[in-house]
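Inspection log for the structure reproduced underneath, given as structure tokens.
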Amino acid sequence: MAILSLILEFLSNLFSFDQAHPLLFTQFYFWAFFALVFAVFSLVHSKVLLRNAFLFAASLFFYYKTSGLFLLLLLFVIVYNFFAGKWLHKAKKGRTAILILSVAVDLGLLAYFKYAYFITDLLNNLLGTEFRVFDIFAWVGNQIVGGQTFHVDSIFLPVGISFFTFQAVSYIVDIKRERIEPVRNFLDFGFYLSFFPQLVAGPIVRASEFMDQLHKPYNLSRRWFGIAIFWILNGLIKKLVLSDYIAVNFCDRVFENPLLYTGFENLLAIFAYSLQVYADFSGYTDIAIGVALLMGFYLPKNFNSPYKATNASGFWKRWHMTLSNWLKDYLYIPLGGNRNATLGTWICIFSIALIAVFLSGSKWVAIVVASLTLIIGAIYLLRPSARKVIFTNVNNMDTMLLGGLWHGASWNFVIWGGLNGLGMIIYKIWSGFNMYVRVLVITLVTAGLWALTKYAPAPVWNLFFVWALITSAGAFVQMLIVSVRKLTNTEKFVFVGKKKRKMPDFGPLGTAWAVFQTFVFITFTRLFFRSGSNLDPSEANEKAWSTAKNMVERIGSSWDLSKIPDMLIQHRGIIIVFIVGMLIHWLPERFKRRYRIAFSRLPLAVMALVVVAVVFFVYQFITADLQSFIYFQF
């Protein structure tokens, strides 16, 4: 009886869902789950239909252990889009209407679960109403079970809904564009949309990238086996050693109550968070790629050393690449891209601008928006040749604003997206200036900000002034270098007396400066990103803005410089981890490729010893309560 009780208890735990402890890549239970899946997979991998059916079932079980009854939502998305794709492909008339309906259903579900609080809060502020969210699905569930099992006054965000919804939308749109044909087998389509390694946090995989792999014979060479193990270990180190250590020991505490910490500690927290969020998200992706690779499936690259970018546009070509490409193909180009502006372009930008003006209640915001509108309108009317540039920049800004909103239902995410879009536009304008115009512009901006710090003092002006001062110093040095080279009528040599000597090559130095400026810019935009994360949706807007405002106030206020040495010692662990993490990140890609290949070529016995050593090392950093991946909530 005792053995039977133990077996029943084990089965109960196995098939139960604990919302407080979802199945994570960093848990022992996940690796036990994967070991079992891989063992069965090894028996059926040669039978393609059986293999895909088994992995589909395993993926559904994984999602159940991650999200509970939201498994029903995933199943609905799979079933609906499978038949919608067939319907769209066979239809001879009304294909656009079918597409609109299908996308509306997918995005409607996403909007309901992800933006219910955001939309309700927006309507209440605009109309003065007192609407409250109501979970219709919970109400239906209560009617079915005949009780009050589910809470109808709160809506929970299903894990990974943004990722599998975007995959479903790309599938339907690509069928309409005749880039792909609908999947014939339901099990194949279900497997594609629910493949467990990338199900809850990406990368976003398009059908055109994955469907061809479904019927290929399993083939994993010795080298690719080693590469797969490397990616898994690399992801675990990023997540547990870098991300979780920084989060638990410093960042989470500062962002929870920034006013308890000094300006220096708030600044350190923002920079440390940039490493934390990268290590967390790319760590998940590395593990997903490694696990999928062991089963013979190739997932697209999602990160390419983003903090090596020399401008904001370059950053988004390196960060969350599958999302950036998705937004480009399914939002930016349909809006008109760099060719023209559509009705959707203007509806989007003006709607967000008007809502921002109304909600802010600030005349200064209204003046800025009105001024920008007049300036853009005047350029549009007086300089027809500049219209294409205007269209491109407005479409780019729309894409970044909506991309920010994709990340979370808070105005902080919209601000974050807008700042990234603004950074791209300013860089395009800046790169069109010659060196002397750049120095003039940044000098005038710096002088203006200095005046604001004197006559309208505020922490935010102090921050902008310091940043402008650093930028102007860099621009001035570059101008001097260019001037010296022009005076000597050479780009690479200078005459000292009668001797011709080689000028130092400032190419790498200039690149390093651009990387530094971009990293600082991206880091400060993350202030709004992090402030809007990990929050109850019902209070996200207010709390997120308060956190961001308090951190700006702390960082932009005067510092007691005498205390910095003590704080450096106090937070030396975080600082060391941050420096080491960034140095590894900035290693040349060629060097990283070499040690990946070197690892993959190790004898299996040596590789096993390395795995044991790495696991032991990583174990030293595991916290009492494992941290969820940041992008689970997106």
- Evaluate the distance, in nm, between pseudo-label points positioned 7 Å from the Cα of Ile376 and of Ile481 along their respective Cα→Cβ axes. 3.5 nm
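Show Trp461, Trp364, Trp139, Trp411 ordered by accessible area, largest first, where the area counts protein heavy atoms only and the probe is 1.4 Å.
Details: Trp461 75, Trp364 170, Trp139 115, Trp411 55 Å².
Largest accessible area first, the list is Trp364, Trp139, Trp461, Trp411.
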- Message: With angles folded into 0 to 90 degrees, how steeply does helix 161-176 sit against the dominant principal axis of the chain? Use alpha carbons for both and round to 10.
- Response: 90 degrees
- Query: Which whole-Hz couplings ³J(HN,Hα) result when phi for each residue of the range 26-38 is put into the Karplus expression 6.51 cos²θ - 1.76 cosθ + 1.60, θ = phi - 60°, listed in order with x for Gly and Pro?
  - Reply: 8, 8, 4, 5, 5, 5, 5, 4, 5, 4, 5, 4, 5
- Note on the structure: With -39,500 (n - 2.57) per DSSP H segment of 4 or more residues and division by the full residue count of the chain, the 222 nm estimate, nearest 500 deg cm²/dmol, is -22500 deg cm²/dmol
- Message: Residues of the range 168-188 with backbone nitrogen within less than 20 Å of a virtual label 7 Å along the Cα-to-Cβ line of Lys47, please, listed as ranges.
- Response: 185-188
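Compute the longest continuous run of the chain that contains no exposed GluC sites (Glu not before Pro); treat a site as exposed when its DSSP state is not H, G, I, E or B and it has at most 16 other Cβ atoms within 10 Å.
Details: sites that count: Glu130, Glu178, Glu491.
That gives 179-490 as the longest site-free run.
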- Thr392 accessible area, nearest 10 Å², 1.4 Å probe? 20 Å²
- Förster-model FRET efficiency, 56 Å R0, Ile144 and Tyr595, C-beta, rounded to 0.05: 0.50
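Suppose every K and R has +1 on its Cβ and every D and E has -1 on its Cβ; what is the size of the dipole of the chain about the Cα centre, in Debye to the nearest 20?
Details: 55 positive and 31 negative charges, 697 e Å.
Using Cβ point charges on Lys, Arg, Asp and Glu, the chain gives about 3340 debye.
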- Query: In whole Hz, what ³J(HN,Hα) sequence does the range 428-435 give by Karplus (6.51, -1.76, 1.60; θ = phi - 60°), x for Gly and Pro?
  - Reply: 4, 5, 4, 5, x, 7, 7, 4
- Item | Percentage relative contact order, the range 250-318, counting C-alpha pairs under 8 Å, at least six apart | 18 percent
- Query: How much accessible area does Ile564 have with a 1.4 Å probe, in Å² rounded to the nearest 10?
  - Reply: 30 Å²
- Note on the structure: In Å², rounded to a whole number, the accessible area per residue of the range 400-447 with probe 1.4 Å is 41 Å²
- For Phe150, other-chain or 5+-apart residues with amide H closer than 5 Å (H placed, Pro excluded) are Asn142
- Task: Pull out a ≥ b ≥ c, the square roots of the eigenvalues of the alpha-carbon gyration tensor of the range 54-133, then state rounded if a/c is under 1.5, prolate if not and a/b is larger than b/c, and oblate in the remaining case.
- Result: oblate
- For the residue pair Ala512 and Met567, what label-to-label distance in nm results when each label sits 7 Å from Cα along the Cα-to-beta-carbon direction? 2.6 nm
- Sulfur and carbon atoms: percent of accessible area, the range 212-348 [1.4 Å]: 59 percent
- Note on the structure: For the chain, longest principal axis from Cα atoms; helix 363-382 axis from its Cα atoms; angle between them, nearest 10 degrees, is 80 degrees
- Putting +1 on Lys and Arg Cβ atoms and -1 on Asp and Glu Cβ atoms, find which of Phe28, Phe621, Met321 reaches farthest to the positive end of the dipole of the chain. Met321
- Message: Taking a ≥ b ≥ c as the square roots of the Cα gyration tensor eigenvalues, with a/c under 1.5 meaning rounded and otherwise prolate when a/b beats b/c, else oblate, which class fits the range 113-192?
- Response: oblate
- Which of the chymotrypsin sites (Phe, Trp or Tyr not before Pro) across the range 288-322 are loop residues per DSSP, with 14 or fewer other Cβ within 10 Å? Tyr298
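Arrange the residues Arg601, Arg572, Arg318, Arg554 by how much accessible surface each exposes, largest first, with a 1.4 angstrom probe. Please list the in-between numbers first.
On the way: Arg601 170, Arg572 135, Arg318 65, Arg554 90 Å².
So the residues, ranked largest to smallest area, are Arg601, Arg572, Arg554, Arg318.
Given R₀ = 30 Å, FRET efficiency for Tyr218-Arg95 by Cβ-Cβ distance, to 0.05? Provide the component values of the computation, followed by the final result.
Working: r = 37 Å, r/R0 = 1.23.
The pair Tyr218/Arg95 has a calculated efficiency of 0.20.
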- Task: Measure nothing fancy, just the Cα-based angle from helix 71-90's long axis to the longest principal axis of the chain, in degrees from 0 to 90, nearest 10.
- Result: 80 degrees
- Note on the structure: Calc'd 3J(HN,Hα), the range 235-243, phi into Karplus 6.51 cos²θ - 1.76 cosθ + 1.60 (θ = phi - 60°), Hz, glycine/Pro = x, comes to x, 5, 5, 4, 5, 8, 8, 8, 5
- Rounded, prolate or oblate (a/c below 1.5 giving rounded, otherwise prolate when a/b exceeds b/c) for the range 310-355 by Cα gyration tensor: prolate
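The values are calculated or read from the model by the stated rules, or taken from the named source; none is laboratory data. For clarity, every value in this text was computed on a predicted model and none was experimentally measured. Glycine also receives a Cβ, built like all others from the backbone with ideal geometry; neighbour counts cover every protein chain displayed. Protein only, heavy atoms only, side chains kept; ligands, DNA and RNA dropped before computing areas. Shrake-Rupley method; radii C 1.70, N 1.55, O 1.52, S 1.80 Å.
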